[in-house]
Amino acid sequence: MEFTFFLDQDIKLPLYIQLYEHIKTEIQLGRIKEGEKLPSIRNLAQVLQVSKQTIETAYQQLIAEGYVQSRPRSGIIVLPVEEKEPNLVRFSAVFASAPAEERNVLYDFKYGDIDVDLFPMKIWRQCINTALDGPARDILLYGPYQGNADLRDEIRKYVFRARGISCSAEQIFLFGGTQQSVSFLSRLLHLQDGNVAMENPGYEGVRSVFLHYNCNIIPISLEKDGICIDELQKIRAKAVYVTPSHQFPLGMVLPIGKRLQLLQWACDTSSFILEDDYDSEFRYIGKPIPSLKSLDKEERVVYCGTFSKCFLPAARISYVILPLSLVEQGKQHINHCSQAASPILQKALSIFMKEGYFERHIRRMKTLYQHKHKVLLQSIEQFMGDHVNVIGQRAGLHILLHIKNGDAAHLIKKAEEHGIQVYSPARHWLHQEEAPSAFVMLGFGGLSQENIREGIRLLALIWNFLEV
């Protein structure tokens, strides 16, 4: 048998997995038939110009899953498809025997990854080239402290259309990521050494900033519909950090009634609300609820937005919308710091938004993520059934699995041994030992629909949720 197959050295998928997937597909489609003999390891290594270890690892995986059988003096023989008996117990040994440089994760359910395959690279390149054609001083120096004026004006128009926020470009300050935004706010609002309330669990990246400023973090527990207002009303804090549109990491959406109660608390206590609207664009169930900032009549809400989920993490552009009363103080504070976000990327993004490409991209990605979200939930229901409960499925680019009668740490390690990466959300609890022991976090933005389905199916097999 001769193979006409080309291994792609430029993609992340290990070579042995590419070969394994190719042979498996050919067997399933009947193009490699029962009883046929696969090429010897030495011959195929020479033909494909790879190491013998790569070929052997691919063959061992096919043997482990029952597609082929090694027979003394006969070689590797293809078995009948209907008699295939997957044996994922052996997969960890096969995975571990792969060359170190090829021992990559097969399916990575990492939160924060986005789908880059549909990114409009040609249009983005044109926007960057247009930006580079502008005045050199605007793009090659540090840039304005507050950020590019054109981009701030485009953000102003966008948040009015998308989130109902009415503000001026002067209220918008640009930064190099959410953590830098919160660092600026910690100085501006004099949160150092003071009380700061925060959802518990809540985004660990922001909590680390508060701890850097020696803030006394007061954890506020979560109810089924978000932050517990009764607990909040019993404490005094300079500010509270919340993720009302899609609580991170548990995923609930704060209802309008609680939003109004939260605003009233801020007014009564002269405190500020830091509203992190990190992935509000991606909502799949129910009608959109107005942002806290759009409901704020007393200027107590500071709105934090980012382009990491809806556009590109690599752009490192976030923004803060300040109440009018804080704008002049904000300008004084940033005059001591250089602008962290690249002036070239800021200008290119302003062009991207002005020409309508940004909102077109958002609509396209929302449709794509909606399909992925649907595949994820359907796959969990099909392959995991009553073994799990899904948490936080109304919006965003991740969900949590509550594993019934299971220990998450053990299951996460077991999945990793089989080449599948899933994560514990425990670090987002103020005290990690208080995190439920059966929660697993699955991000799906960076995986294809096919990989989502196959990854969940394999997880179900690995975790003994699915009979084979």
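The values are calculated or read from the model by the stated rules, or taken from the named source; none is laboratory data. Keep in mind that this is a model prediction, so the values were computed, not measured. With ideal geometry, Cβ positions are generated from the backbone for all residues, glycine too; neighbour counts draw on all protein chains shown.
If V301 satisfies all but one of (1) at pLDDT 85 or above; (2) closer than 20 Å to G251 by Cα; (3) among the hydrophobic types (A, V, I, L, M, F, W, C), what's the number of the condition it fails? V301 satisfies all of (1) at pLDDT 85 or above; (2) closer than 20 Å to G251 by Cα; (3) among the hydrophobic types (A, V, I, L, M, F, W, C) except (2).
Sub-7 Å Cβ pairs linking a first residue in region 322-347 that is farther than 13 Å from E170 by Cβ to a second residue that is surrounded by 14 or more Cβ atoms within 10 Å (Cβ to Cβ) and of a type in the set (S, T, N, Q), at least 6 apart or interchain, are A340/Q180; P343/N148; Q346/N148; K347/N148, ordered by first then second residue. For region 402-411, the condition holds for no residue, the condition being that it is closer than 19 Å to F109 by Cα, acidic (D, E) and outside any loop (DSSP other than H, G, I, E, B).
Considering only residues that are modelled with pLDDT under 75 and either surrounded by 13 or more Cβ atoms within 10 Å (Cβ to Cβ) or of a type outside the set (D, E, K, R) (or both), look in region 8-42 and name the one that is nearest to V78 (Cα to Cα).
If we filter region 8-42 for residues that are modelled with pLDDT under 75, which is where we start, we get 8-13, 29.
Subsequent filtering for residues that are either surrounded by 13 or more Cβ atoms within 10 Å (Cβ to Cβ) or of a type outside the set (D, E, K, R) (or both) retains 9, 11, 13, 29.
Numbers: Q9: 27, I11: 28, L13: 24, L29: 13 Å.
The extreme case among them is L29.
Which count do you get for residues in region 227-240 that are under 19 Å from V302 (Cα atoms) and modelled with pLDDT of 95 or more?
Of region 227-240, the ones under 19 Å from V302 (Cα atoms) are 227, 229, 232, 236-240.
Those left that are additionally modelled with pLDDT of 95 or more: 227, 229, 232, 237-240.
Looking only at that region, the number is 7.
Remark: L349 falls outside the filter, which requires a residue to be within 16 Å of the chain's Cα centre (by Cα) and at pLDDT 95 or above.
Only one entry in G177, G143 is at pLDDT below 95, within 18 Å of C337 (Cα to Cα), buried (at least 20 other Cβ atoms within 10 Å of the Cβ) and in the same structural domain as L326 (by TED's automatic domain parsing), namely G143. A single member of D230, D225, D193 is within 24 Å of L326 (Cα to Cα) and of a type in the set (D, E), and it is D193.
Given the criteria closer than 30 Å to Y20 by Cα and either of a type in the set (K, R) or in the same structural domain as L458 (by TED's automatic domain parsing) (or both), does K157 qualify? It is false that K157 is closer than 30 Å to Y20 by Cα and either of a type in the set (K, R) or in the same structural domain as L458 (by TED's automatic domain parsing) (or both). Of all residues in region 428-468, those that are loosely packed, with under 15 Cβ neighbours inside 10 Å and part of a helix (DSSP H, G or I) total 4.
Scan region 29-60 for residues that are within 20 Å of L106 (Cα to Cα) and either assigned to a helix (DSSP H, G or I) or free of Cβ contacts under 8 Å to residues at least 24 places away in the same chain (or both) and jot them down. Correct list: Q53, T54, I55, E56, T57, A58, Y59, Q60. Can you name the residue in region 291-311 that is more than 22 Å from M365 (Cβ to Cβ) and touching a residue at least 60 places away in the same chain (Cβ under 8 Å) and, of all such residues, is surrounded by the most Cβ atoms within 10 Å (Cβ to Cβ)? Selected residue: V302.
Test S350 against the stated conditions and say whether it is of a type outside the set (K, R), in a helix (DSSP H, G or I) and more than 23 Å from E450 (Cα to Cα). Spell out how you get there, then give the answer.
On the way: of a type outside the set (K, R): yes; in a helix (DSSP H, G or I): yes; more than 23 Å from E450 (Cα to Cα): yes.
Judged against the criteria, S350 is a match.
The selection criterion, being over 29 Å from L191 (Cβ atoms), among the charged types (D, E, K, R) and touching a residue at least 24 places away in the same chain (Cβ under 8 Å), holds for K354.
Do we have G147 as within 30 Å of Y203 (Cβ to Cβ), in contact with a strand residue (DSSP E or B) (Cβ under 8 Å, 6 or more places away or on another chain) and either among the aliphatic types (A, V, I, L, M) or part of a loop (DSSP other than H, G, I, E, B) (or both) here? Answer is yes for this residue.
Residue pairs whose Cβ atoms lie under 9 Å apart, sitting 6 or more positions apart in sequence or on different chains, and linking a residue in region 422-437 that is at positive phi and modelled with pLDDT of 90 or more to a partner that is of a type outside the set (V, I, T) and surrounded by 14 or more Cβ atoms within 10 Å (Cβ to Cβ), do not occur here.
Scoring L222 on the criteria (1) in a strand (DSSP E or B); (2) under 30 Å from R360 (Cα atoms) leaves a single failure, condition (2).
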